[in-house]
Each structure stands twice: as structure tokens, then as C-alpha cells.
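Read the structure below first, then the notes.
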Amino acid sequence: MTAIEAAQHTGSGSAALEGSSETFLARSGSADTSTDRTQLRPRALRCKLCGAGFAAAPTAICEECLGPLEAIDADVSTLPTRAEISRRAHSIWRYKEWLPFDGEPTLSLDTGFTPLVEAPRIARRLGVARCWIKNDSVSHPSLSFKDRVVASAINAARAFGLDTIGCASTGNLANAVAAQAARAGMESWIFIPDSLERGKVAATQIFGPHLVRVRGNYDDVNRLCSIVADQFGWGIVNVNLRAYYGEGSKTIAFEIVEQLGWTLPTAVVAPMAGGSLISKLERGFREFTEAGLVSGPAPRLYGAQASGCSPIVQMVHDGRDEVRPVVPNTIARSIAIGNPADGRFARKAITQTGGWAAAVSDTELIEGIKILAADTGIFTETAGGATVASALALSREGRFTADDEVVLCITGNGLKTLEPIVETLVDSPVIDAKLREVRALVNAA
Ligand SMILES: *Cc1c(COP(=O)(O)O)cnc(C)c1O
Ligand SMILES: [Zn+2]
């Protein structure tokens, strides 16, 4: 079934909002599914700008005002308690009531629940009481936080009857889509800028997707994919499945709260590309507070970018609501989005929580990678280096206080972006297999 057929199948349009998922099941062909309450049903959609409602469908743009669509919330009476959550398996699905589905997911059930690691030496550098690293550099299966958003989107694709998924990617999303599509037995069509790091390309190709390298930057790739989604009826996770994709990011906030013993940090620093992650962090902390699972002031959210591509940081600094697109020029390719789709929502999340934003040079972000490695034993990619370096820059600006409890979101793995790092490392000695040679090195060290 194509995306468009699936949309018609679900009865797209505001009139079909009520009971839309039942309509989908009743028409989906197999006997008994209309009464099977465990089958996964994507939730209906609502426009973030004008509030118009639509049936669940692989579409992310409002027919009324062309605004972005998001999935409607769960019925509050069905939300689980802390005790119920803590008995569930360690994955993003332990928070399934806050993900955009009813019923049970069937794919990518083991993504999420990455370590939250205390980092006292980083805390000292920042001049704060405590600091933790939320370590999505070891996310399962593809070593970045994009596993979370793809785990959510791929379940939507399956529920809509789509057999091909795809994405426009700066690298990590390509890895996550290729890996999760492969194991689900789905086809994937993946579009990336032609100049990505070799590690990101290889860690996509290994899964056997249709990988297309587009001459240009991410913004060119993304424009192409907006048309592609409608032409071939695929589920492009960050285009027509975007409403189901973005919600996966909230699980970082949920995990932070639970891993801190059901308390809120006072500040969170996160990298920004399209601006989705940081705006979903705000929503995640808010939803857990509204559900009564945690109380206290919302964490101040701080956004990090590379100065070679910092359109959202500029919006925060100028107090401006519109994105002014830029042409990216930075080694931090995974966050090099010159025209961020969620720029306004990112800025809103930052300003409404009392946070701020910082951009750092490529030299500073490489230093950030090295500081994190030396202080915590975690090897992050360029985006993580930008996060650490931005946190240090924000600290120098006096944005943190001595009693702050800060979480740094480390979203990707350093083994995927070796190119800029290897240039800065000195060659290690080569010796013959002789004790004498080791002794000489130890004496000289
Ligand atoms: C995609 C990505 C982000 C941020 O993405 P948003 O588009 O802002 O949600 C951050 N870090 C890494 C490593 C990424 O790949
Ligand atoms: Zn609208």
C-alpha cells in the first residue's frame, strides 16, 4: 500500500478524527482485527498552528494552513504510575502511553534506556553542583539518538501498511533507518548529502538499503525528499511520518527523570540540527510533570550548535521568531542543517524555560570531544563535542549557578566521525616485541 492509499484507507480529513483508528482496523482486511485492542494504532493528528484535527495517516502537513501536524495525547486516565513503569522492560516503550500509538508496538522493541553517567570532573569545569552525561553514543542498534525517533516512526509505517521507509539524513538518521528497516524486513530508500563522513556512509551501506548521495547539502536533500515522499508512497520518517517520528525524542527526557530517581535536573544542554530534539525535551519534561510523575520547575534548556551552522542560536540571541537560513560550513555534519524545520519550536522551548544557546568553532568542538573522552571515558562524535564545548562557553558566560544540576545530551558516537579527530592525534610508537623497548618507553614517559 502506498502512503497516499494508506491515508485514504484511514479516512483522512478532520471529519474522520473521531474513531479514526477503528475505521482503519475495520477496513484493514483481516478478520477479528477490529476487536483486537493490542494491535498498534497510530494516534490521530492535530495541527500545531491552527489546531485542526486529522485522522492518523502518513502525512505531516495541515491541509488547512500548511502547518506541521503532531499526534494527539493519550487519555490521561490510562497513564501508568512510577511503580508500573519501573516494572517494564528497559526500552523507550516503557513510556508507551506517551508515544503516539495505542496498542502494542511490534518493531524495534529494544531501543532506548541508554546510560546516565555522573561526570564530576565536567561538573567542576562547569562550576556546577552535579553533572551527568546522557550517553546516546551507545544507543541500540545504531549508536545515536536517532534510533529513538526511527523506532517510533517504523512502527507507524508498519501500522499504515507501508513496506518501504526512507529519510533525508545528515548521517545518523541514515544509519538508524537502514539498520531498523533491515531487521524489520522492510525496504529502505535513504538520501544523504554526497560529502558525508565515511563512517556514516559505511554504517548505512552495511545494512543493504538503497542509498542515494545527492550533490548538495542537507537542505537540498530535504527539499528533494519532500517531493519524493508523495511520488512513491514511501514512509519518509522525517517527512510524511514526522509526527510519529519526533515523539521518540521525548524518551530522553523521560529516561533522565527516571534515572535521576524521579527528579528533574535544573538544566539540560542538547545539540540542535532541525531543532526537533530540544523542543521534544521540553515536551517530555512537561508531560511527566503534568502526569504527576515528577514535580518542580522545568529544566532550563540550552541549545548547542557549531558556529559554521547556527541559525537557531542566532534566533535565540536576536530574540527572533523566524529562521534565517544559512549555508552550513562546519565539520559537525550531523547537525549541519541550514534551514531548521523546528527552529521556532526550538527557540520557544529554550526561551520559555529560561535557557539560552551557544555556538562553538570547529576547533572548540574538537577540544570538547577530547575533554569528554578524558573526563568520562566516552568517545562522542562532532555533535557531542559541540555540546560539551557549548556547555563550557555557557558556563564562562555565567549561565549556570553553583547549585545547578546539569545533564549534557551526548547524541552520537565518535567512531563514526574519525576524520577530523585523527588529524589531531600524534602517532603512537612502534616497537619490536622486546621487553627492553617497553622499558625504554616507560622510562621516557
Ligand atoms: C540529528 C542529530 C541531532 C539533533 O537533531 P534535531 O534535528 O535537532 O532533532 C543531534 N545530535 C546528533 C548526533 C544528531 O544526529
Ligand atoms: Zn493548520
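Each Lys or Arg adds one and each Asp or Glu takes one away; over the other residues whose Cβ falls under 15 Å from the Cβ of D110, this sums to +1.
Summarising the amide proton neighbourhood of R300: residues at separation of 5 or more, or on other chains, whose placed amide H is nearer than 5 Å comprise A267, V268. Computed from Cα atoms, the angle from the helix 218-232 axis to the main principal axis of the chain rounds to 20 degrees.
Hey, got the dipole for the chain? About the Cα centre, +1 on K and R Cβ, -1 on D and E Cβ, debye to the nearest 20? Spell out each step's value before the answer.
Details: 44 positive and 49 negative charges, 147 e Å.
Here the size comes out at about 700 debye.
The angle between the Cα long axis of helix 343-352 and the main principal axis of the chain comes to about 70°, on a 0 to 90 degree scale.
Could you pull out the pairs from K200/K348; K134/K250; K48/K416; K146/K416; K96/K348; K96/K416 whose alpha carbons sit more than 24 Å apart here? Write down the numbers at each step before the final one.
Numbers: K200/K348 31 Å; K134/K250 13 Å; K48/K416 35 Å; K146/K416 14 Å; K96/K348 26 Å; K96/K416 30 Å.
Beyond 24 Å between Cα atoms: K200/K348; K48/K416; K96/K348; K96/K416.
For segment 267-343 versus segment 97-116, the spacing of their alpha-carbon centroids is 23 Å. Judged by the ratio a/c of the largest to the smallest principal axis of the C-alpha gyration tensor, segment 206-277 counts as prolate, that ratio being 1.5 or greater while a/b is larger than b/c. Can you tell me how segment 146-245 classifies by the Cα gyration tensor, rounded, prolate or oblate, using a/c under 1.5 as the rounded cut? Judged from the Cα gyration tensor, segment 146-245 comes out oblate (a/c at least 1.5, b/c at or above a/b). Calculated mean residue ellipticity at 222 nm for the chain: -11000 deg cm²/dmol, from DSSP H runs with n ≥ 4 weighted as -39500 (n - 2.57), summed, divided by the residue count and rounded to 500.
How would you order 223-233, 145-155, 239-249, 59-69 from highest to lowest mean count of nearby Cβ atoms within 10 Å?
On the way: 223-233: 16.2, 145-155: 30.5, 239-249: 28.5, 59-69: 17.7.
In decreasing order of mean packing, 223-233, 145-155, 239-249, 59-69 become 145-155, 239-249, 59-69, 223-233.
Taking the three principal axes of the alpha carbon atoms in the chain, the coordinate ranges are 77, 47, 45 Å, sorted in descending order.
So, with +1 on the Cβ of K and R and -1 on the Cβ of D and E, and no other charges, what is the size of the charge dipole of segment 347-424 about its Cα centre, to the nearest 20 debye?
Numbers: 6 positive and 11 negative charges, 61 e Å.
In debye, rounded to 20, segment 347-424 gives about 300.
Projecting the Cα atoms of S188, A74, W262 onto the charge dipole of the chain (Cβ charges, centred on the Cα centre) puts W262 farthest toward the positive pole. Against the main long axis of the alpha-carbon atoms of the chain, helix 362-376 sits at an angle near 80°. Model label points for H317 and R286, set 7 angstrom from Cα along the Cα-to-Cβ axis, are 2.7 nm apart.
Quick note: the coordinates plus some simple rules give every number you see, no bench work behind them. In this text the structure is predicted, and so the values were computed from the model without any measurement. Cβ: placed from backbone, ideal geometry, glycine included. Neighbour counts: every protein chain shown.
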